[in-house]
Each structure stands twice: as structure tokens, then as C-alpha cells.
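Worksheet: the structure to be examined is printed underneath.
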Amino acid sequence: MGGFKFKPEKVLTELSQFSEQLLQSVHTLQQLDEIQVGQTPKEIIYREDKLQLFHYQRDETHQTQLGKPLLICYALVNRPYMVDLDRRRSFIKRLLALGLDIYLIDWGYPDAADRYLDMDDYINGYLANCVDQVLKDSGQDQLNLLGICQGGTLSLCYTALNPDKVKNLITMVTPVDFKTPDNMLSHLAQQIDIDLAVNTYGNIPGAMLNDAYNALMPMRLGLQKNLNTPRKLQNTASALNYLRMEKWINDSPDQAGEMFRQFLTSFFKQNSFINNTTVVGDRCVDLQQITQPLLNVFGSSDHLVPPSASRALKGLTRSEDYHEYEVASGHIGVFVSEKSQSEVAPKLANWLKQHE
């Protein structure tokens, strides 16, 4: 019979190479200091509970070219320094260089005191207050709003409820239809007893959510990733790139229990954008109230928010200036890849300048 032939010498060579990489990775790690992220200069202009609102500083070479400020609303489930990971891969830094005046919401780390915060608190409370603070700080009557992932879902809700305060809306890797057939995260969410989880844990542990994300691609994010780790730690530059990403992946805040319950129930279980049944506090969210220019950005190989989940936004609003921008990348590559620096950031900046 033909087929696979076991070659001991090849196995020995590969094991030897792996051992060398492992030893080199230990040496590299011994030379490194604390991993730094989010280093673009910024100042805190507003605090509320765990939340901080940042305004990014511009140097003399980064002059603002837009009158309206840009507020970035990140997801609750991860830390926002993904958009400012390092000096070479900083989405924020690139946007500043392109003339944007940038503010960003850092939701912080919820604890037991935040157990009962809900969608009303986050959207009609925290997000609404941040918008007002940005308008006050910038002296403008409207701003541009950029929502990322879950933050895009929150931004859609806010804009529908407060259309007069948003000049232009950008959604990036944002789920809208939460029940597309290719949405693996949605299939997993359908199996969760949300009430049992929240009643048991109170706040949902961030580490548990990380395990859920990894379970979507167990070979790639488990075995294959671990086997490749020594190779990525062989030199300082490669190690820093890898470790900054690992720091972000594992720096997952716990989720306020009631917010988690309401968000999963409304969107993952009831698919409320598609069924027009979204309610925040005592107000119904009607996406038809969104009439401003809208740019919808998504990754072609995103396994967390597949393109079909984002494309569903088309036709749900009354915007007559709706555009889609598909990036050839995954969920995170939209923000940290070379394409992000050379194509995505300029695309966003140019679009905003055209809609000033």
C-alpha cells in the first residue's frame, strides 16, 4: 500500500528546530520589559463611574482638517487600545495624521457594583453623556460617530434615538443581523441559558467569553497557535508584535450582568434590528430615523462578524447616502494590518471629508 511514510530523520529535524526556537524565545522574553500599548498621547476630558472619555492630542504635523470631531465607540467585551496597539500599527495615530479630531470611550472594567447596569444605562446614559461632552469640548453642535463591533450596534441605537446630534455615522465590523447562517458566534449564543448564566455569575467573566471565542476555531486558535508561539518569539520585534496582541486578547473585562442579559436577548435571541423590536429603556429604536450619511465597513474573512451580518444594515435605515466598504481581512486585521494603515484609515478620512 502507498501513502504516508514515516521518516524518523525528518521528525528529528523538526523537533530539533522546535527546541532551538523554544530556547531562543525564552532568551527573547528575558530581554523584554513590560509590554506597552495605547501610547498615542491623550487626555481625559470626562469620567463617569468606570468610564473615561479620551481626547487624542495632535502635534504640529497633525493639523485638524475637519470641523466635526470623531467619537469612537468601542465594544464592551474588549479593551479599546486595539485601535492604538503600537506606534507602527495604530489606527488612531493614522487617523490623526489624516486630519481627524478624535475622541474615544474607554468603558473600563465593570465590577460587582455594575451588576445591574443595562442597555438604557449604556446608551441613554454613558454614550449620550459622552456625546454631549465631546460637543461641549469641541464647540460643535454635531459630531461624527464611529462604532466598532458591539460598539457599532450601540451607535446605531444611539443615532436612531438622537439623529440630530450625529452628522455622519460609520459602523465597523458591526453585527446587524445576528442570525445569518454563517454566524458561528450566533449559533453558540443560541445554546446559552442567559438567565442561568447571569443569575449564577452576576457579571459574566471576561475569561469565559474568551474561551467561547476560541472555541469557534479550536485548531487555529488552540493547537496551531501554541505550536507557532516559539517561532513568533525568536526576535524582539516579532515578540513585541505577538505579545501586544496577546495582551489585548487576554485583557477582557467582565460584562455587567444585566447589560449582557439584555444585549444577548434582544439581538442574538430576538434579532431585534431585523424584526424592528429593539427597545432601550422606555424608547423603541427605529433605524428608519437614521437619515445621515452612513459608511458600513466589514472584513471579508471575519469569523466573529461575517460580512452577511453587517451587510444586513443596507435598507434598514433611510439614509440616501449609504456606502459599504469590504476590507480583505479578518475581524482584527481591519485595524492592525498594513492594509489598515495604507487603505482603511485613508478611506474613512476621505469619506468624512467628503461629507463635511
* Among (1) surrounded by fewer than 19 Cβ atoms within 10 Å (Cβ to Cβ); (2) within 30 Å of A113 (Cβ to Cβ), the one test that T278 misses -> (1)
* **Only one of R311, R283, R261 that is farther than 30 Å from I35 by Cα, surrounded by fewer than 16 Cβ atoms within 10 Å (Cβ to Cβ) and among the charged types (D, E, K, R)** => R283
* Asked: If M82 passes every condition in (1) surrounded by 22 or more Cβ atoms within 10 Å (Cβ to Cβ); (2) in a loop (DSSP other than H, G, I, E, B); (3) modelled with pLDDT under 95 but one, which one does it miss?
  -> (2)
* Conditions (1) over 12 Å from P175 (Cα atoms); (2) touching an Asp or Glu at 6+ places or on another chain (Cβ under 8 Å); number of the one not met by S308 -> (1)
* Structure fact -> Residues of region 90-144 being of a type in the set (D, E) and part of a strand (DSSP E or B), in sequence order, are D106
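Would you tally the residues in region 145-199 being of a type in the set (K, R), buried (at least 21 other Cβ atoms within 10 Å of the Cβ) and part of a helix (DSSP H, G or I)?
As a first pass, look at region 145-199 and keep what is of a type in the set (K, R): 165, 167, 179.
Then keep just the ones that are buried (at least 21 other Cβ atoms within 10 Å of the Cβ); that gives 167.
Checking which are part of a helix (DSSP H, G or I) leaves us with none.
Result for region 145-199: 0.
On the basis of being under 27 Å from Q39 (Cβ atoms), surrounded by 19 or more Cβ atoms within 10 Å (Cβ to Cβ) and touching a His at 6+ places or on another chain (Cβ under 8 Å), does I92 make the cut?
On the way: under 27 Å from Q39 (Cβ atoms): yes; surrounded by 19 or more Cβ atoms within 10 Å (Cβ to Cβ): yes; touching a His at 6+ places or on another chain (Cβ under 8 Å): no.
Here the answer is no, as I92 does not meet what is asked.
Out of I44, I105, which single residue is modelled with pLDDT of 95 or more, surrounded by fewer than 18 Cβ atoms within 10 Å (Cβ to Cβ) and among the aliphatic types (A, V, I, L, M)?
Details: I105 fails: surrounded by fewer than 18 Cβ atoms within 10 Å (Cβ to Cβ).
Answer to the selection: I44.
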* To do: Could you please let me know if A309 is at pLDDT 95 or above and within 27 Å of K68 (Cα to Cα)?
  => no
* Structure fact -> Flagged in region 245-284 as more than 16 Å from the chain's Cα centre (by Cα), not aliphatic (A, V, I, L, M) and not in a helix (DSSP H, G or I), in numbering order, are Q270, N271, N276, T277, T278, G281, D282, R283, C284
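Just to be sure before I move on: is K136 of a type outside the set (A, V, I, L, M) and in contact with a helix residue (DSSP H, G or I) (Cβ under 6 Å, 6 or more places away or on another chain) in the structure I sent?
Working: of a type outside the set (A, V, I, L, M): yes; in contact with a helix residue (DSSP H, G or I) (Cβ under 6 Å, 6 or more places away or on another chain): no.
Spelling it out, it is not the case that K136 is of a type outside the set (A, V, I, L, M) and in contact with a helix residue (DSSP H, G or I) (Cβ under 6 Å, 6 or more places away or on another chain).
The values are calculated or read from the model by the stated rules, or taken from the named source; none is laboratory data. A quick note: this is a predicted structure, and the numbers were derived from the prediction, not measured. Positions of Cβ are generated from backbone atoms using ideal geometry, with glycine treated the same way; all protein chains shown enter the neighbour counts.
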